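The values are calculated or read from the model by the stated rules, or taken from the named source; none is laboratory data. Because the structure is a prediction, the values reported are computed rather than measured. Cβ atoms come from the backbone with ideal geometry, glycine included; neighbour counts cover every protein chain shown.
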């Protein structure tokens, strides 16, 4: 199997037949996963004259675009192999990948819920402590500079991207 290479996203042509299979929900799930663990599976491309044509990996390609990436990991495949590949829906490893992604998302949501619950219970304890002995913190200090508080965690991928663009970060 050829070694994965980095390809410029804007140079990859996506055939209309492949574009029809695009599912925005899957793109969002993959993008969230890429934020957590990065791109794990390269896309497949073939050389057609002087352009690259997507063979497999539409959702990964669109997830990278959504994250603002300019390059993507891909594996070049010969045109002969590209024509004999079974349809995406017929491949069992695609379904296995979807199940894996759903399981990872569920685990992440459970972890976030547990952290939020623990944070809320710590917050309740801090509220009781503040009733018994008042302390002067940054929030209570009128001389403290505004805007020094931490930004709340974004609730969605699009909120995170918006927050990152607003701060001038490259992600």
task = Select from the range 23-51 the residues that are touching a helix residue (DSSP H, G or I) at 6+ places or on another chain (Cβ under 6 Å) and exposed (fewer than 14 other Cβ atoms within 10 Å of the Cβ) and list them in ascending order.
result = none
key: Residues of the range 1-22 that turn out to be at pLDDT 90 or above and either surrounded by 18 or more Cβ atoms within 10 Å (Cβ to Cβ) or assigned to a helix (DSSP H, G or I) (or both), as a count   = 5
